[in-house]
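Readers should treat all values here as calculations from the given coordinates under stated rules, not as data from a laboratory. Just so it is clear, the model here is predicted, and its values are computed rather than measured. A quick note on method: Cβ atoms are made from the backbone with ideal geometry, for glycine too, and the neighbour counts reach across all protein chains shown.
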Amino acid sequence: MNGKEKGLDTFRATEELGLDPDVRSYNAAARILSELRIKSIVLMTNNPDKETALTSNGVQVEGMLPCIDAHPPARSLIHLNAKRALGHML
């Protein structure tokens, strides 16, 4: 039985497999913004790691707007609680 079948959220199931739960890179996004001559952005995300990743790639992040669902379905609560534990702004 895999982690998802055990009821683990995506991050915990990935970690159970011995994998890094987030291997995304924001290098391409930073290059695109640079090519478009966009000097700064307001980032719509709940994940502060995205701000750090973009800033380290030379993008000036002026602010962050959390994406919050005021009434998430019950089936999403395990996933959202896991994200909160990882530092997401929820």
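As a ratio to 2.2 N^0.38 Å, the alpha-carbon radius of gyration for segment 41-89 is 1.30.
Over all alpha-carbon pairs in the chain, figure out the percentage whose distance exceeds 21 Å. If you can, show how the numbers build up before the last one.
On the way: 1770 of 4005 pairs.
So the portion of pairs separated by more than 21 Å is 44 percent.
Helix-only mean residue ellipticity at 222 nm, the chain, DSSP H runs n ≥ 4 weighted -39,500 (n - 2.57), per residue, nearest 500. What is it? Provide the component values of the computation, followed by the final result.
Working: 4 runs with 34 residues, N = 90.
Mean residue ellipticity at 222 nm (helix-derived): -10500 deg cm²/dmol.
Largest GNM mean-square fluctuation across Val61, Val42, Val23, computed for the chain with C-alpha springs under 10 Å, falls on Val23.
Between Leu43, Leu77, Leu54, the residue with the greatest mean-square fluctuation in the GNM of the chain (Cα pairs under 10 Å linked by springs) is Leu77.
Farthest toward the positive end of the dipole of the chain, out of Leu17, Ser40, Met89, is the Cα of Ser40, where the dipole comes from beta carbon charges about the Cα centre.
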